[in-house]
1. Quick one: in region 113-162, which of the residues that are of a type in the set (Asp, Glu) and part of a strand (DSSP E or B) is surrounded by the fewest Cβ atoms within 10 Å (Cβ to Cβ)?
2. Looking at this structure, is Tyr165 of a type in the set (Ser, Thr, Tyr) and outside any strand (DSSP E or B)?
3. Answer with yes or no whether Phe231 is out of contact with any Pro (no Cβ under 8 Å at 6 or more places or on another chain) and surrounded by 13 or more Cβ atoms within 10 Å (Cβ to Cβ).
4. Limited to region 168-181, what total is found for residues that are surrounded by 15 or more Cβ atoms within 10 Å (Cβ to Cβ) and assigned to a loop (DSSP other than H, G, I, E, B)?
Amino acid sequence: MKKHSFIIFVLLLLMTPGIVFSQDSEVEQLEENSAGWSLKSQWGLGVKAGLSGVGFELIKGLGDRLNLRIGYSALDIPYTLNQSFEGYDLEADIKASLGGVSGLIDFYLVKNAIHLTAGVVQNKTNIGVDIRSLSSFPYGDIEIPAEDVGVISAELGPGMSISPYIGLGFGNTLSRKRVVSFNFELGAIYQGSPLLLLNGDGIIGPMASEANQDVVNAAIAQYTWFPMVNFQLSFKIL
């Protein structure tokens, strides 16, 4: 009697849905559960625009709450400004260069919605200005032609070429379910005290003295953080 009861019990187990005895099925289930961490899945490409310029990113999803981003951005902005100062016409040629390489990690506080971002940024921000006179310059009983007055050149850059970054993002840099995702991010980089370099020639050359340079650098030394705003559109490729 006990033998027949054991056989009936085994048959019931085999016929019960959800009971798996196959080792192959167990392996397949483990592979499915670990698919989120596979190097072959969760890859994307992003295009971005912000205060660091225009660029792109390669994105790797690491599970449900982590994204790794490696990116590059750049932008050059030339600008010419004409200004009158105490009766003299001045021209300033300005060129701002932005961008650099970045390595960032996103941690999602709320899945697919809100994330904290931290990492490092190659800070290549640089602003150069050349100032020249468009008016002649009186010097005693003579007037010096505008082209002989001289030029003052100023170059402003960050105190650190590699800067830590922290930010707060809204959206998703890489969706797990959709092909296209959007992200808006606010953050800041720690650049150290910015550094101004002055050079000059001609009559106005002495204005670019080391003493004046030190005065300006002391005044801007407190601006160690540089704000960042970034908009990004990402496309899932794997």
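Derivation of every value follows stated rules applied to the coordinates shown; laboratory data play no part. The model shown is predicted, which means the values in this text are computed figures rather than measured ones. For neighbour counting, all protein chains shown are included, and Cβ atoms are generated from backbone atoms with ideal geometry for every residue, glycine included.
1. Keep residues of region 113-162 that are of a type in the set (Asp, Glu), which gives 130, 141, 143, 147-148, 155.
Imposing the further condition that a residue be part of a strand (DSSP E or B) reduces the set to 130, 143, 155.
Details: Asp130: 16, Glu143: 11, Glu155: 15.
For region 113-162, the residue satisfying everything is Glu143.
2. Numbers: of a type in the set (Ser, Thr, Tyr): yes; outside any strand (DSSP E or B): no.
Spelling it out, it is not the case that Tyr165 is of a type in the set (Ser, Thr, Tyr) and outside any strand (DSSP E or B).
3. Numbers: out of contact with any Pro (no Cβ under 8 Å at 6 or more places or on another chain): yes; surrounded by 13 or more Cβ atoms within 10 Å (Cβ to Cβ): yes.
So Phe231 passes the test.
4. In the first step, residues of region 168-181 are kept if they are surrounded by 15 or more Cβ atoms within 10 Å (Cβ to Cβ); the result is 169, 171-176, 181.
Subsequent filtering for residues that are assigned to a loop (DSSP other than H, G, I, E, B) retains 172-176.
So the count comes out to 5.
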